[in-house]
Amino acid sequence: MNEKSWLARPAAFFAGDAKPMAEAGAVAVIGLGRFGGSLAVELAKHGVDVIGIDSDEAVVAEYADKLAHVSRADATDEEVLRQLGIDDVSRVVIAIGSDLEASILAASRILKLGNRHIWAKAISETHAEILHQLGIRNVVRPENDMGRRLAHLIRGHISDFLPIDEDFVLARTTPPVRVSDVPLASLGVRAAYGVTIVAVKRAGGSTWDIADRDMTVYADDEILIAGHPREVEAFSELDKDSDG
Ligand code: ATP
């Protein structure tokens, strides 16, 4: 959708009646760089009504056909944000990284407008700290998170790794020999290793089943485990010695 249809379509939006859009779960993505751009396109692919905002005309033109609404605007301008209905969208993502001042200003203006459903990208520890201090709870650091994830993947025993928090992760791996071939109930996996086997995908199967006590996992299954990163890592490496 081009700039013209963005302006034409949401007349009610500019008139202050942004409720229908908000109820439908519209998400505003501010800053369509590599991170914000791919996030916005991914959301749109999943049917989310995305409003992309960027101050750069060339960037706006690039996303005109990929997102439902794209607007060229300075996200540090409170009046502009109000006109765009930022106070009424269900979620706002601030994906401005390198311009620290713009990121912080946009965050404080959006908070002032009353929207508390903000996710913000930070590019440094200090940046993250300031955003937290402003009151933004969802601060992401994509480079850091990806680095952590990759470190686990590269080591080879974990095929997917999702940090939920500093001290809690989900990981996809294969069952170590010592927990295979016997019902989970008889193993006491949590007591022995500090992790929980959450789900199982059978060899050749395409679905995940929630694990229960009566289930038996086999060496060629895949399992999803949850726990502290240190324990998840240790559990996934239980066969390391016998790997040769
Ligand atoms: P990435 O790694 O995701 O490309 P980055 O951290 O290098 O991001 P920035 O260069 O800070 O990202 O900005 C991302 C986008 O945000 C750019 O397209 C830029 O035009 C836009 N942007 C920067 N300042 C503002 C602003 N005040 N209002 C709206 N958009 C802005």
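The values are calculated or read from the model by the stated rules, or taken from the named source; none is laboratory data. Computed from a predicted model, the values in this text were never measured in an experiment. Here Cβ is always computed from backbone atoms with ideal geometry, including for glycine, and neighbour counts include all displayed protein chains. To get the accessible areas, we keep the full protein, side chains included, count just its heavy atoms, and leave off ligands, DNA and RNA. Shrake-Rupley method; radii C 1.70, N 1.55, O 1.52, S 1.80 Å.
Quick notes
- ALA106 being open to solvent by less than 40 Å² (accessible area, probe 1.4 Å) and at pLDDT 95 or above: yes
- Candidates in the range 131-182 are the residues that are among the hydroxyl-bearing types (Ser, Thr, Tyr) and either at pLDDT 90 or above or farther than 14 Å from GLU233 by Cβ (or both); of these, the one that is most open to solvent (accessible area, probe 1.4 Å) is THR174.
- In the range 19-37, the residues that are over 23 Å from ALA102 (Cα atoms) and at pLDDT below 95 form Cβ pairs under 7 Å with partners that are open to solvent by 10 Å² or more (accessible area, probe 1.4 Å) and polar (S, T, N, Q), at six or more places apart or across chains, as follows: ALA22/SER90; GLY25/SER90.
- Among all residues of the range 75-90, there is at least one that is within 21 Å of the chain's Cα centre (by Cα) and either within 9 Å of the ligand (Cβ to nearest atom) or not small (Gly, Ala, Ser) (or both).
- Qualifying residue in the range 91-110 (condition: in contact with a His (Cβ under 8 Å, 6 or more places away or on another chain) and away from the ligand (no atom under 13 Å from the Cβ)): yes
- Among the candidates ALA234, ALA226, ALA199, the residue that is open to solvent by 50 Å² or more (accessible area, probe 1.4 Å), closer than 14 Å to PRO175 by Cα and not basic (Lys, Arg) is uniquely ALA234.
- Residue within the range 54-74 that is of a type in the set (S, T, N, Q), away from the ligand (no atom under 16 Å from the Cβ), open to solvent by 40 Å² or more (accessible area, probe 1.4 Å) and outside any helix (DSSP H, G or I) present: no
- Hey, GLY227 within 29 Å of the chain's Cα centre (by Cα) and at pLDDT 95 or above or not: yes
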